[in-house]
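**Q** There's a structure below that I have some questions on.
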Amino acid sequence: MKKKENKVGSGLKVIPLGGLEQIGMNITAFEYEDSIVVVDCGLSFPADDMLGIDLVIPDVTYLKDNIDKVKGFVITHGHEDHIGALPYVLREINAPVYATRLTMGIIENKLKEHELTKGTKRKVVKFGQSINLGQFRVEFIKTNHSIVDAAALAIYSPAGIVVHTGDFKVDYTPVFGDAIDLQRFAELGKKGVLALMCDSTNAERTGFTPSERTVGATFDTLFEEHKNTRIFVATFASNVDRVQQIINSAYKFGRKVCVEGRSMVNIIETARNLECISIPENTLIEIEQMKDYPREKQVIITTGSQGESMAALSRMAGGMHRKITIGAGDTVIFSSNPIPGNEKSVTKIINELIRKGADVIFQDAHVSGHACQEEIKLIYSLIHPQYAVPVHGEIKHLKAQAKIAQSLGIEKDNIFILSSGDVLELRKESAGVTGRVPVGAILVDGLGVGDVGNVVLRDRQHLAEDGIMVVVMSLDRVEGRLVAGPDIVSRGFVYVRESDELIEEARQTVDEALQRCLDRGITDWGKLKNTTKDTLSDYVWKKTKRRPMILPIIMEV
């Protein structure tokens with residue numbers, strides 16, 4: 001068997017560095033001998049227990065260790081979970097970036113913000129065009145998604161062709177541009193495709209995803225029904241087609257449109273410059289001009305459809321926005337579904353809006369940007385891959401797609417459900433996971449990248465759950481006696497004024513334990529600190545069944 005493999009040459013390694021077992025942080029390395037091509041470079045947002053963390057980016061140690069092989073980053077589309085980590089990763093791995101024009105426009109905004117435009121080589125790629133990167137050739141194929149200019153990739157290597165769908169749906173009547181290039185998928189299928197890496201987000205949903213255009217008709221109906229109210233529409237900043245349809249309906253009903261939320265303003269400006277969105281003259285107004293028009297002639301498109309606390313909608317609902325407050329006489333349309341995990345935040349903001357007297361609509365004003373089961377079947381049927389590698393999703397989504405692949409005749413042994421860090425080696429005659437590479441999450445907190453690790457997070461969780469007690473004392477080491485203290489200061493543990501007795505008793509308990517040590521001639525700081533910690537911890541646990549963080553501070557005099 002070995003001889004046969006040597007004749008055939010190297011295998012193609014597919015190495016997901018993130019994005020599997022979760023929605024977000026998509027990044028995959030394709031390696032053949034001396035060449036690595038990286039597909040996407042996304043971030044994910046912090047989980048509830050990641051206190052104070054702003055963003056989570058992938059650990060790219062493997063790429064740093066093989067930096068001479070990295071030929072470039074190839075990006076499928078402009079969503080944060082596919083491009084958000086680029087400014088952080090490019091500082092360490094400065095390789096060229098290839099993307100379609102709107103995707104590149106959004107990337108350039110990020111690079112400007114991080115002052116990386118001068119040092120980063122960028123190339124805008126058209127659909128149907130191929131780029132040569134070392135041993136690879138990568139072709140961009142037109143697809144549809146909830147952002148314009150989304151691409152699938154055909155990755156040609158000496159071992160065979162891999163098709164990566166990116167995030168996609170099949171939309172025969174897209175709002176902007178052409179429908180998905182199914183013909184090209186079929187042509188590749190005829191050539192012979194080694195593996196298909198297909199979007200799994202909606203693999204559990206039966207049927208087809210409706211066309212984005214159906215939402216336009218819904219907006220017309222809603223605008224017709226709410227002629228006498230000011231209308232707010234909350235949606236994803238990056239959903240340019242959705243914004244286009246809201247603008248179309250507003251124009252039809254003689255309303256002026258104001259866009260609120262920094263990310264949305266930036267993306268719409270980029271889309272407008274690249275002619276990916278068409279806005280009728282005198283339709284868009286600045287927030288300051290709203291006072292010049294009656295409320296029933298206004299539409300405000302805003303970020304915050306996921307209940308994010310600092311987004312524009314949350315600030316308007318909470319009365320913290322400097323220019324706009326939502327109340328009676330306003331209609332708020334949620335044009336999105338909650339991302340898994342955000343349901344509580346979204347419900348909270350809906351309740352807040354209803355309490356303020358607004359009319360809230362959160363059904364039927366959204367369609368997904370991801371393929372359902374029948375579209376996934378269509379792509380498999382056109383491509384006929386030898387191997388199936390479901391991507392983009394939690395384990396349940398990947399498993400659901402594996403079932404679809406099996407139902408279409410792909411053998412179970414030829415379907416690979418990978419974990420981030422697995423090295424899948426593909427050859428025509430064999431395939432399998434042959435190793436692991438280091439992967440993980442790097443936490444971004446303010447300007448710090450990676451300086452908050454698991455230990456710091458654990459401390460933050462401890463402080464959040466149980467608070468802190470600081471014990472301060474002064475020690476005369478020569479005479480072996482306490483000169484001052486121990487004094488106890490607590491934060492986030494108990495309200496001190498109402499717990500004088502508890503704190504005084506705790507102080508006495510620590511004092512006695514320290515005196516016992518000093519009487520035995522123990523003046524070593526480490527031992528005294530441990531005695532303080534153990535004694536206070538035991539006392540507090542007995543009295544309160546809590547374990548605050550205990551920080552002894554010894555000053556020598």
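**Q** At 0.36 nm per residue, minus the direct Cα-Cα distance, what do residue 297 and residue 408 gain on full extension? Give it in nm, one decimal, please.
**A** So the extension gain works out to 34.7 nm.
**Q** Still on this structure: Tell me the Rg and the Dmax, in Å, that the Cα atoms of the stretch 309-445 produce.
**A** Calculated on Cα positions, Rg and Dmax stand at 22.3, 67 Å.
**Q** Please list, in order along the stretch 119-132, the HN-Hα scalar couplings obtained from phi with the Karplus expression 6.51 cos²θ - 1.76 cosθ + 1.60 (θ = phi - 60°), rounded to whole Hz, x for Gly and Pro.
**A** Working through the residues one at a time gives x, 10, 7, 9, 9, 7, 10, 8, 5, x, 7, 10, 10, 9 Hz.
**Q** Across the stretch 215-232, in residue order, what do the Karplus-derived ³J(HN,Hα) couplings come to in whole Hz, using 6.51 cos²θ - 1.76 cosθ + 1.60 with θ = phi - 60° and x for Gly and Pro?
**A** My calculation for the stretch 215-232 gives 5, x, 5, 4, 4, 4, 4, 5, 5, 5, 6, 10, 5, 9, 10, 6, 10, 10 Hz in order.
**Q** While we're on this one: Tell me which residues come under 5 Å, amide H to amide H, from residue 133 once H is placed; ignore anything under 5 positions away on its chain.
**A** 138
**Q** In whole Hz, with x marking every Gly and Pro, tabulate ³J(HN,Hα) for the stretch 87-94 from phi via Karplus 6.51 cos²θ - 1.76 cosθ + 1.60, θ = phi - 60°.
**A** For the stretch 87-94, the Karplus curve yields x, 7, 6, 5, 5, 9, 10, 7 Hz.
**Q** In whole percent, what relative contact order does the chain give with Cα contacts below 8 Å and a gap of six or more residues?
**A** Result for the chain is 15 percent.
**Q** Here's a follow-up. Using only the alpha-carbon atoms, how far is helix 182-191 inclined from the longest principal axis of the chain? Give it as 0 to 90 degrees, nearest 10.
**A** Long axis of 182-191 versus the principal axis of the chain: about 90 degrees.
**Q** State the Cα centre-to-centre distance between the stretch 157-227 and the stretch 510-533 in whole Å.
**A** 69 Å
**Q** Taking the Cβ of residue 121 as the center, what net charge do the other residues with Cβ under 13 Å away carry, scoring Lys and Arg +1 and Asp and Glu -1?
**A** So the surrounding residues net to +3.
**Q** In addition: How compact and how long is the chain, expressed as Rg and Dmax of its alpha-carbon atoms in Å?
**A** In order Rg, Dmax, the Cα atoms of the chain give 28.9, 90 Å.
**Q** Same structure, new question: In terms of modelled amide H atoms, which long-range or inter-chain residues lie less than 5 Å from the amide H of residue 550?
**A** When sequence neighbours closer than 5 places are left aside, the close amide H contacts are 469.
**Q** For residue 300, which sequence-distant residues (separation of 5 or more, or a different chain) have an amide H within less than 5 Å of its own amide H, given hydrogens modelled in the peptide plane?
**A** Hits under the 5 Å cutoff: 231, 232, 233, 258.
**Q** If packing is taken as the average count of other Cβ atoms within 10 Å, what order do 145-157, 101-113, 503-515 fall into, highest mean first?
**A** Per-residue mean Cβ counts within 10 Å order the peptides as 145-157, 101-113, 503-515.
**Q** For labels at residue 265 and residue 396 in the simple 7 Å Cα→Cβ model, what's the distance in nm?
**A** 3.9 nm
**Q** On to the next question. Tell me the angle of helix 525-544 to the major Cα principal axis of the chain, expressed in degrees between 0 and 90 and rounded to the nearest ten.
**A** Approximately 80 degrees, to the nearest 10.
**Q** Another one. Please report the net charge: other residues with Cβ closer than 10 Å to the Cβ of residue 405, K and R +1, D and E -1.
**A** My count for the surroundings of residue 405 gives +2.
**Q** Would you kindly work out the equivalent ellipsoid of the stretch 245-382 from its C-alpha gyration tensor and give its semi-axes, the square roots of five times the eigenvalues, largest first in whole Å?
**A** Working from the Cα gyration tensor, I get semi-axes of 27, 22, 14 Å.
**Q** Between residue 354 and residue 47, what's the calculated FRET efficiency when r is the beta-carbon distance and R0 is 25 Å? Round to 0.05.
**A** 0.35
**Q** Here is a further query. Find out how many positive minus negative residues lie around residue 484, taking Lys and Arg as positive, Asp and Glu as negative, among other residues whose Cβ is under 15 Å from that of residue 484.
**A** -2
**Q** Could you order peptides 23-30, 124-131, 287-294, 175-182 by the average number of other Cβ atoms within 10 Å of their residues, highest first?
**A** Highest-to-lowest ranking by the protection proxy: 23-30, 175-182, 124-131, 287-294.
**Q** Counting only C-alpha contacts under 8 Å and six or more residues apart, can you give the relative contact order of the stretch 213-361 as a whole percent?
**A** Relative contact order of the stretch 213-361: 29 percent.
**Q** Taking only DSSP H segments of four or more residues, each worth -39500 (n - 2.57), what value at 222 nm results for the chain once the sum is divided by all its residues, to the nearest 500 deg cm²/dmol?
**A** Helices in the chain give a 222 nm mean residue ellipticity of -9500 deg cm²/dmol.
**Q** What distance in nm separates the two pseudo spin-label positions at residue 227 and residue 342, each 7 Å out from Cα along the beta-carbon direction?
**A** Here the answer is 3.4 nm between the modelled labels.
**Q** Return the percentage of antiparallel bridges among DSSP beta bridges fully within the chain, rounded to the nearest 5 %.
**A** In the chain, approximately 55 percent of DSSP beta bridges are antiparallel ones.
**Q** Hey, another quick one. Between helix 500-519 and the chain, what is the angle of the helix's C-alpha long axis to the longest principal axis, kept within 0 to 90° and rounded to the nearest 10?
**A** 70 degrees
None of the figures in this text is laboratory data; all of them are computed from the coordinates on show. Just so it is clear, the structure is predicted and the values come from calculations on it, not from any experiment. Backbone-built Cβ (ideal geometry, glycine too); neighbour counts: all protein chains shown.
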